[in-house]
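Novice: Next up is a structure, given as structure tokens.
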């Protein structure tokens, strides 16, 4: 197995961890808190479905889907732009509640993952031809 495929495997597992983490901090903890407070279950949920894309991208990296270069590249760029924009607006008037802290720390790790992925993909432009044999 090549070092390149090992890094793709690392990124795929990073994405699975991020998806699980996102589900916990944006859905499970808020629902549990709402139950404790006697509030409607959706009261504190931070609606976000990027975890679905993270799982799909992780599976694509792990099982090497032929269009992974473009899927990863576009997702990385979009995620980085969105997170940097959200950070810009957040830092204009930061709110350091437990909810925002969880969100902020999660976004730092998501940003790190996609910066790593973007760097990898840019330096491995011929990924779809070169790596396919390693994934089998």
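Novice: Residues that are within 23 Å of residue 124 (Cα to Cα) and surrounded by fewer than 17 Cβ atoms within 10 Å (Cβ to Cβ): does region 22-37 have at least one?
Specialist: Here is the first cut: in region 22-37, the residues within 23 Å of residue 124 (Cα to Cα) are none.
Looking for residues that are within 23 Å of residue 124 (Cα to Cα) and surrounded by fewer than 17 Cβ atoms within 10 Å (Cβ to Cβ), one finds none in region 22-37, hence no.
Novice: Separate question: How many residues, within region 75-106, are within 18 Å of residue 58 (Cβ to Cβ) and modelled with pLDDT under 95?
Specialist: Number satisfying all stated conditions: 1.
Novice: Here is a follow-up. Got a sec? Which helices (runs of 4 or more DSSP H) wholly within region 1-67 have at least 2 residues that are touching a helix residue (DSSP H, G or I) at 6+ places or on another chain (Cβ under 7 Å) and either without any contact (Cβ under 8 Å) to a residue 60 or more places away in the chain or closer than 18 Å to residue 115 by Cβ (or both)?
Specialist: Working: elements: 3-23, 29-37, 50-63.
In region 1-67, the matching helices (runs of 4 or more DSSP H) lie at 3-23, 50-63.
Novice: Let me ask something additional. May I ask you to verify whether residue 60 is modelled with pLDDT under 95, out of contact with any strand residue (DSSP E or B) (no Cβ under 7 Å at 6 or more places or on another chain) and under 22 Å from residue 111 (Cβ atoms)?
Specialist: Numbers: modelled with pLDDT under 95: yes; out of contact with any strand residue (DSSP E or B) (no Cβ under 7 Å at 6 or more places or on another chain): yes; under 22 Å from residue 111 (Cβ atoms): yes.
Yes: the conditions hold for residue 60.
The values are calculated or read from the model by the stated rules, or taken from the named source; none is laboratory data. Bear in mind that the values here come from a model prediction, so they are computed numbers and not experimental data. Note that we place each Cβ from the backbone using ideal geometry, even for glycine, and neighbour counts take in every protein chain shown.
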